[in-house]
Amino acid sequence: SENTYLCQIYNLTLLCMEDYIVEPQSVQFLVQHGFDFNKQYSQGIPYHKGNDKGNENQSQSVRTFFLELIRAKKPLVLHNGLIDLVFLYQCFYAHLPDSLGTFTAELSETLHAYDTKYASEFETRFVASYLEYAYKKCKRENCKLKDSSGQHLTVEFCNYPANMSRYIDYRHCSLEEESHSVGAGNKVPVCEKFSAYGWCPKGVKCPQSHNIDLIIDEDDKLWEEKRKKRKHKWKRRKNTEEPAKAFEQESSGKEVELAQNGEEGPPRKQSCFEPAAATEAAEITPNSEGRPLEENSMDTEPEVSSDTKEQKETHGPPSQGGTHRAGFDAFMTGYIMAYVWMLKKGKNTDTGAEPWLPDCHNKLYLSGKSVPLQIVKSLFSKSSKAHSQKMKLAWAS
């Protein structure tokens, strides 16, 4: 029972009351995935950016809600979360400080952040870490643990009353998509760009496959081939060279990582010809988790009934091109975090220690870098005036 949690996903549709710039590609992405701009502009909860205006502590606003999250000291789980944290700080907290050092110092005093993109690359060692890939990879690995009677995650979904059905959006998310097994005979080649980064400039018009299941199949097959080659090479070297030293045997895991990457750091795909940093940067615009929030959504396991599917079809515009919706993204992010925590806990991690996942605490993924951005306070950093005022407001009581 101590490892059982009830999770509820809520989405607040917000509306910035100041002038702002939108990118057509981002708007198209949101519309294709069911975002309702009419609802946002007619019913969106208003907010303003930057510093507080008036007595925010007395108003029922999003900024007050964000301050309550800080007071509660609850962990904030994100995926590729640097842009998200910049967005949250600027929109619901205060003006952005002038320097990165001040920004990270102030974040360290307000939030406990966990980045599942960092965890996917540095903890679970996945060769790709965009959200849907990491989620499906975790789900596959979890099923293997379950089949082998190992420690694993179990997910159940709440039964909501009929009068709440119009607020709930379901999506069938089986272990493998139906098109994956059906199209196995006449296989369409995988889009290398989408395979590596989860984004393709051609979008739905791309003639190559964006099927995540097929991509993971190919990655697993390639990894197995590399493993066999390394094993064969190691045996051959063992038979021809002098016996290896004890410390070399102990560091064999690190040699495997170096063989995969050519350098220390997370595994990376080598199939795409563009540098990782340039292409990942392009991912931010259409696939950023910092986009506006939409109506309540839920993800579902394979045991979905026919009436649930009908509800999905009649409830607003359908989700296209994957499982990207605000609620689904929240679910996938939470699932990845739970899976990583379960793995780390299984390795005799001290669960009584704070924070509850020290290896990932306040470490944000940086595109193209082999090290994360650590949210820590430097001895040389100074707090901004706005942050000092917010801290007084937060802890005045």
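The values are calculated or read from the model by the stated rules, or taken from the named source; none is laboratory data. Given the structure is predicted, the values throughout are model-derived calculations rather than measurements. Please note: Cβ atoms are built from the backbone with ideal geometry, for glycine as well, and neighbour counts cover all protein chains shown. Protein only, heavy atoms only, side chains kept; ligands, DNA and RNA dropped before computing areas. Shrake-Rupley method; radii C 1.70, N 1.55, O 1.52, S 1.80 Å.
Could you state the number of Å between the C-alpha centres of segment 106-142 and segment 30-95?
Cα centres, segment 30-95 to segment 106-142: 22 Å.
With all protein chains present and a 1.4 Å probe, how do 377, 392, 238, 137 order by accessible area, largest first?
Working: 377 105, 392 150, 238 130, 137 25 Å².
Accessible-area ranking of 377, 392, 238, 137, largest first: 392, 238, 377, 137.
Under a 1.4 angstrom probe, counting protein chains only, how are 140, 325 ranked by accessible area, largest first? Before the final figure, lay out the partial values.
On the way: 140 30, 325 5 Å².
Heavy-atom accessible area, descending, gives 140, 325.
Return the subset of 233/345; 144/345; 74/345; 139/229; 49/74; 187/226 for which the Cα-Cα distance in this structure is over 29 Å, preserving the input order.
As for pairs spanning more than 29 Å Cα to Cα, those are 233/345.
Which of the chymotrypsin sites (Phe, Trp or Tyr not before Pro) across segment 1-32 are loop residues per DSSP, with 15 or fewer other Cβ within 10 Å? List each step's numbers first, then the result.
On the way: sites: 5, 10, 20, 29; in loops: 5, 10, 20.
Passing both the DSSP loop test and the Cβ count: 5, 10, 20.
Counting each pair of different Cα atoms once, what's the Kirkwood radius of segment 1-98 in Å, rounded to one decimal? Numbers along the way, then the final one.
Details: mean 1/r = 0.0632 Å⁻¹.
So the Kirkwood estimate lands at 15.8 Å.
Past 23 Å, Cα to Cα, is the threshold; run 117/137; 117/344; 193/221; 228/369 against it and keep the listed order. The partial results should precede the final answer.
Numbers: 117/137 13 Å; 117/344 16 Å; 193/221 18 Å; 228/369 29 Å.
With Cα atoms farther than 23 Å apart: 228/369.
I'd like the carbon and sulfur percentage of the solvent accessible area for segment 1-123, probe radius 1.4 Å, heavy atoms only, ligands and nucleic acids excluded.
Values: 3690 of 6730 Å².
Reported share for carbon and sulfur atoms: 55 percent.
If the cut-off is 22 Å between C-alpha atoms, which lysines fall inside it for residue 53, apart from same-chain ones fewer than 8 positions away?
Counting by Cα, and skipping residues close in sequence, residue 53 has these lysines nearby: 385, 390, 392.
At 1.567 mPa s and 4 °C, plugging the Kirkwood radius over alpha-carbon pairs of segment 34-163 into Stokes-Einstein gives what diffusion coefficient in µm²/s? Write down the numbers at each step before the final one.
On the way: Rh = 18.2 Å.
In µm²/s, the coefficient rounds to 71.
Quick check for you: with a 1.4 Å probe and neighbouring chains kept, what is the accessible area per residue of segment 1-113, in Å²?
Working: 6620 Å² over 113 residues.
Counting only protein heavy atoms, the per-residue value for segment 1-113 is 59 Å².
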